[in-house]
Amino acid sequence: MEHSGTCECETMLSDTANMLFAVEQTFVGFSAFCKGQDIAFDGFANYFHICSLWTRKAKDKVIDRLTTCGGKLRLTEMKPMQPFPLPKDTTITNLLQMSVDMEHCVTQQVKSLLNFAKERETIPVQEFARELLIWHTECIAHLVRHLEGAKCSESIYLYDRLTMQPLVDRFERHHRFCDFHY
């Protein structure tokens, strides 16, 4: 890392990567939970899968930042942020609320990283943390939008089919298009 506090910065970045590992695994579990219900919520299952991919991308950026600066990733025990299996009475609204709460935890971790980088005047880490905060703000806004939509919906099944599945389909079409052209 660039300045004094190398070890502490390495630890902060490793802690952030470890938290993102846990969030990614939790989203994978949420996706499986949605698929395993008596009435499968395919839209939400695919949405949570996409959330896990977004989280993996953020985690990869953190690891890249850490290793680019000469640091080493220190992994802790790999387990999701929520205990699995989830209780049978867990609702989609519960999953969305847990997702928002997880993302708030990640935001707090990234804010701690930003404050640490400011104290040490480590400009590249500050810029990186700000970029992550912007991305996480967008993630939280997205999750809150669907949490509120699910709460207001008279039928979570219809919300899944009429809102979530088309959203996931558009996302997948967009990425197939981008993968094809780039």
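The values are calculated or read from the model by the stated rules, or taken from the named source; none is laboratory data. The structure presented is a predicted model; accordingly, all values stated were derived computationally and were not measured. Every residue, glycine as well, gets a Cβ built from its backbone with ideal geometry; the counts of neighbours run over all protein chains shown.
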*May I ask you to list the residues in segment 23-57 that are part of a helix (DSSP H, G or I), without any contact (Cβ under 8 Å) to a residue 60 or more places away in the chain and out of contact with any Asp or Glu (no Cβ under 6 Å at 6 or more places or on another chain)?*
E24, Q25, V28, G29, S31, A32, K35, A45, F48, H49, L53, K57
_Checklist (1) of a type in the set (V, I, T); (2) under 23 Å from H136 (Cβ atoms); (3) not in a helix (DSSP H, G or I) applied to T67, failing item_ = (3)
*Considering V144, V100, V110, which residue is of a type in the set (A, V, I, L, M), surrounded by fewer than 19 Cβ atoms within 10 Å (Cβ to Cβ) and in contact with a Leu (Cβ under 6 Å, 6 or more places away or on another chain)?*
V100
_Given the criterion of a type in the set (D, E, K, R), over 20 Å from L143 (Cα atoms) and at pLDDT 90 or above, identify the matching residue among D60, D89._
D60
*Mind listing whichever residues of segment 86-100 are touching a residue at least 12 places away in the same chain (Cβ under 8 Å) and assigned to a loop (DSSP other than H, G, I, E, B)?*
L86, T90, T91
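Residues checked against (1) at pLDDT below 90; (2) within 16 Å of the chain's Cα centre (by Cα); (3) surrounded by fewer than 18 Cβ atoms within 10 Å (Cβ to Cβ); (4) closer than 25 Å to M164 by Cα:
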{"position": "I39", "(1), (2), (3), (4)": "yes, no, yes, yes"}
{"position": "Y47", "(1), (2), (3), (4)": "no, yes, no, yes"}
{"position": "R56", "(1), (2), (3), (4)": "no, yes, yes, yes"}
{"position": "F84", "(1), (2), (3), (4)": "yes, no, yes, yes"}
_The lone exception for T76 - which of (1) in a loop (DSSP other than H, G, I, E, B); (2) in contact with a Leu (Cβ under 6 Å, 6 or more places away or on another chain) it fails_ = (2)
*Among the numbered conditions (1) within 11 Å of the chain's Cα centre (by Cα); (2) not in a helix (DSSP H, G or I), tell me where H104 comes up short.*
(2)
*Members of segment 146-165 that are under 21 Å from the mean Cα position of the chain (by Cα) and touching a residue at least 24 places away in the same chain (Cβ under 8 Å)*: H146, L147, A150, D160, T163, M164, Q165
